[in-house]
Amino acid sequence: MTEHADIQAPGLQLGEAPPRIPITVEGALGAATMAVLAVITMANVAMRYLTDVSIAFTEEYSVALMVIMTFLGSAAAFGADRHIRVTYFTEKLPLRTARMVEIFVLLCCLLVFGSLAWFGAYYTWDEYRFEVLSPGLGVPQWLYTGWMPLMSLVICARLLGRMVRVARA
């Protein structure tokens, strides 16, 4: 895969098993999203350069694709135990206590992303119910915002899987 695949992530060494569903799923989806983003952005640049006319849909789709990529990256980071955190104190704790702190941290993250999924679903429902249209293209706005609760649930699944792995270790 890469020449640095054997390098361990910094931080806690809790001894849990690797995830059952490999994080390469998020990596492949992120790469596909990045490819689509690059193609439409390059098409817009070429069109502007050659004709002085912009392709209208690229801005809205680019923003939506970047949000999806952010959520995919977050899911991969939580699944691979590479999320951002400060471990100065927890590295000095006994292993059992460090595991309890890690589970508490993961519960807090689950609360945040669970709330984002819940309220994001309400927000998407409101946009669907009130037939909100996007400002640029006039397509239903819920097509863009519907990804937020969906991807938040993917992150919640990764968090739950990691909690189970840490608890079983």
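What to note about this one:
- As a length-normalised measure over Cα pairs under 8 Å and 6 or more apart, the relative contact order of the range 108-169 settles at 42 percent.
- Pair-distance distribution of the chain: all C-alpha pairs, bin width 10 Å, starting at 0; shares per bin in whole percent are 9, 29, 29, 19, 11, 3, 0.
- About the centre of its Cα atoms, the range 74-169 shows a dipole size close to 640 debye [charges on the beta carbon of Lys, Arg (+1) and Asp, Glu (-1) only; nearest 20 debye].
- Across the chain, C-alpha contacts under 8 Å between residues 6 or more apart give a mean separation that, scaled by the residue count, equals a relative contact order of 32 percent.
- Potential extension, A31-L137 segment - 0.36 nm per residue separation minus Cα distance: 35.6 nm
- Simple Cβ-charge dipole of the chain, Lys/Arg +1 and Asp/Glu -1, about Cα centre, in debye nearest 20: 760 debye
Laboratory data are not the source of any read-out in this text; all were calculated from the coordinates shown. This one's a predicted model, so the numbers in the text were calculated from it and none came from an experiment. Counting neighbours? That spans all protein chains shown, and the Cβs are built from the backbone with ideal geometry, glycine included.
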